[in-house]
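Coordinate-derived values only; no laboratory data. Computed from a prediction, not measured in an experiment: that's the story for all the values here. Quick reminder, even Gly has a Cβ in these numbers, built from the backbone with ideal geometry, and neighbours come from all protein chains shown.
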Amino acid sequence: MTKSPKELPRQRLLYLHARTPSPLSAILGYTPIEPIKGFRPEIVAEEAEWPYQTVHDAVVDGWQIIQFPHLQAPFDDRDLDVVGYEFILQKMEVVDG
Amino acid sequence: MGDQSHLLTDAEVANFIVTGYHIVHPDLPPGLNEKIAAQLDALEDNPGDAITETVPDLHQVLDHPVVVGALSSLLGDTYEVQSHRHWHCKPAGSGFMSWHQDSTNNRDHHINRFLGLYYPTDITPEMGPTVIVPGTQFRNAPTDRMATYTNIKGQVPLTVKAGTVAFTHYDLWHGTAANRSTVKRHMIKFLFKRTTENSAPTWNHEPESLTGGHNWNLRGQAKDPVNILSFANPLGVSQSDHYKERAIRQTCWNHLLGKDAQ
């Protein structure tokens with residue numbers, strides 16, 4: 001009997017913006033993308049939940065890094081751009097919803 | 001220069017350079033905030049730049065000595081209240097707004113223009129407050145590049161008391177939370193601009209505040225401009241970014257001191 005998509009593992013994504021390109025450095029930004037129709041992570045006015053303090057914490061919890069920060073861009077020693085270094089992680093799980 | 005009792009201190013100016021925002025609480029006449037809020041509640045259409053003609057009492061906010069003092073301190077006595085202003089009404093049940101910088105990516109490392117956000121009612125976390133990210137005003141980041149950020153450590157929701165005016169650097173990253181309350185959330189945005197370069201400080205500057213030297217041990221606890229500009233790191237960014245921030249802050253501070261004109 002064929003399983004419905006909801007019974008199969010689906011891709012959970014996590015965008016973590018770390019202080020440095022090291023997976024051991026502190027996280028400055030956190031965005032989960034759940035494989036649930038209509039899901040949208042929100043900026044909150046209350047204290048946000050921070051389940052992980054580092055990218056490594058997430059890896060220990062079973063997340064896999066699928067994209068490391070791009071470091072090949074031209075380096076400017078005077079100007080600033082985005083906050084932190086972006087890691088993208090995934091976890092394949094059966095998810096409710 | 002006229003009344004100097006409401007000018008900012010060296011530390012307040014330094015903190016504005018570091019964080020990109022400064023909050024004041026003008027003691028407006030009793031009932032004024034409520035009157036303005038009632039008028040806004042009753043509006044059916046957004047009058048755009050004509051909001052001050054529609055709600056003339058808003059001029060009392062712009063003319064308050066505490067507001068004038070902050071503006072004079074940061075933009076000089078000849079600052080301009082620009083014609084663009086806007087009523088930001090966030091209806092009950094409306095969703096959050098993603099992070100963005102206004103306009104195009106032509107950012108300014110000086111203090112030449114910023115916003116004044118006036119809130120006529122108390123703003124609770126449920127009402128969809130403006131949320132800002134301190135220290136991001138010197139970042140030249142296309143808004144598209146912010147699409148994968150949601151909550152950022154150090155973000156500040158402007159949950160404020162009625163009558164508060166928050167001055168925010170034009171390039172500061174900002175968004176809003178969702179309005180989960182049953183009421184409209186009102187904010188009037190004004191835009192202010194420098195018209196003349198400083199030849200001297202326009203705030204309550206005390207030259208001796210610059211003579212204390214660096215004290216690494218103070219870090220985030222510093223109360224003097226030298227150490228605030230050197231060590232404050234509101235987001236906890238990396239050393240490389242922090243060193244760049246320091247250089248930009250110092251350039252900005254020197255500009256405000258009038259050193260560029262000397």
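The residue of the range B:90-107 that is farthest from B:Pro129 (Cα to Cα), among those that are among the hydrophobic types (A, V, I, L, M, F, W, C) and within 8 Å of chain A (Cβ to nearest Cβ), is B:Trp99. Find the residue count for the range B:131-147, including only residues that are in contact (Cβ under 8 Å) with a residue 40 or more places away in the chain, on the phi < 0 side of the Ramachandran plot and surrounded by 17 or more Cβ atoms within 10 Å (Cβ to Cβ). Selection size over the range B:131-147: 9.
Return yes or no: is B:Ser72 within 14 Å of chain A (Cβ to nearest Cβ) and hydroxyl-bearing (Ser, Thr, Tyr)? Taking the combined requirement at face value, the residue does not satisfy it. Screening B:Thr78 on (1) outside any helix (DSSP H, G or I); (2) of a type outside the set (D, E, K, R); (3) more than 17 Å from the chain's Cα centre (by Cα); (4) over 21 Å from B:Ser199 (Cα atoms) shows it passes everything except condition (4). Which residues, counting only those in the range B:5-28, are over 18 Å from the mean Cα position of the chain (by Cα) and surrounded by 12 or more Cβ atoms within 10 Å (Cβ to Cβ)? The one that is over 18 Å from the mean Cα position of the chain (by Cα) and surrounded by 12 or more Cβ atoms within 10 Å (Cβ to Cβ): B:Leu28.
Against the numbered list (1) in contact with a helix residue (DSSP H, G or I) (Cβ under 8 Å, 6 or more places away or on another chain); (2) more than 30 Å from A:Gln53 (Cα to Cα); (3) within 14 Å of chain A (Cβ to nearest Cβ), B:Thr121 comes up short only at (3).
Looking only at the range B:69-118, which residues are acidic (Asp, Glu) and touching an Asp or Glu at 6+ places or on another chain (Cβ under 7 Å)?
Step one: filter the range B:69-118 for residues acidic (Asp, Glu), giving B:77, B:80, B:102, B:108.
Scanning the range B:69-118 gives a single hit, B:Asp108.
Answer yes if at least one residue in the range A:30-38 is surrounded by fewer than 11 Cβ atoms within 10 Å (Cβ to Cβ) and either within 26 Å of B:Tyr243 (Cβ to Cβ) or not polar (S, T, N, Q) (or both), and no otherwise. Walk me through how you get there before you give the answer.
Going residue by residue through the range A:30-38, those that are surrounded by fewer than 11 Cβ atoms within 10 Å (Cβ to Cβ) are A:37-38.
Those left that are additionally either within 26 Å of B:Tyr243 (Cβ to Cβ) or not polar (S, T, N, Q) (or both): A:37-38.
Yes - at least one qualifying residue is present in the range A:30-38.
Of the residues making up the range B:180-205, those that are surrounded by fewer than 21 Cβ atoms within 10 Å (Cβ to Cβ) and within 14 Å of chain A (Cβ to nearest Cβ) are B:Arg180, B:Ser181.
Figure legend. Inter-residue proximity from the range B:228-241: first residues outside any loop (DSSP other than H, G, I, E, B), second residues buried (at least 21 other Cβ atoms within 10 Å of the Cβ) and not hydrophobic (A, V, I, L, M, F, W, C), beta-carbon distance below 7 Å, spacing 6+ or different chains. Indicated pairs: B:Ile228/B:Asn15; B:Leu229/B:Arg249.
Does the range B:151-166 hold any residues that are touching an Asp or Glu at 6+ places or on another chain (Cβ under 7 Å) and at the interface with another protein chain (Cβ under 8 Å from one of its Cβ atoms), and which are they? Walk me through how you get there before you give the answer.
So in the range B:151-166, the residues touching an Asp or Glu at 6+ places or on another chain (Cβ under 7 Å) come out as B:161-162.
Those that are touching an Asp or Glu at 6+ places or on another chain (Cβ under 7 Å) and at the interface with another protein chain (Cβ under 8 Å from one of its Cβ atoms): none in the range B:151-166.
Only residues that are part of a loop (DSSP other than H, G, I, E, B) and aliphatic (A, V, I, L, M) were counted across the range B:152-183, and they come to 7.
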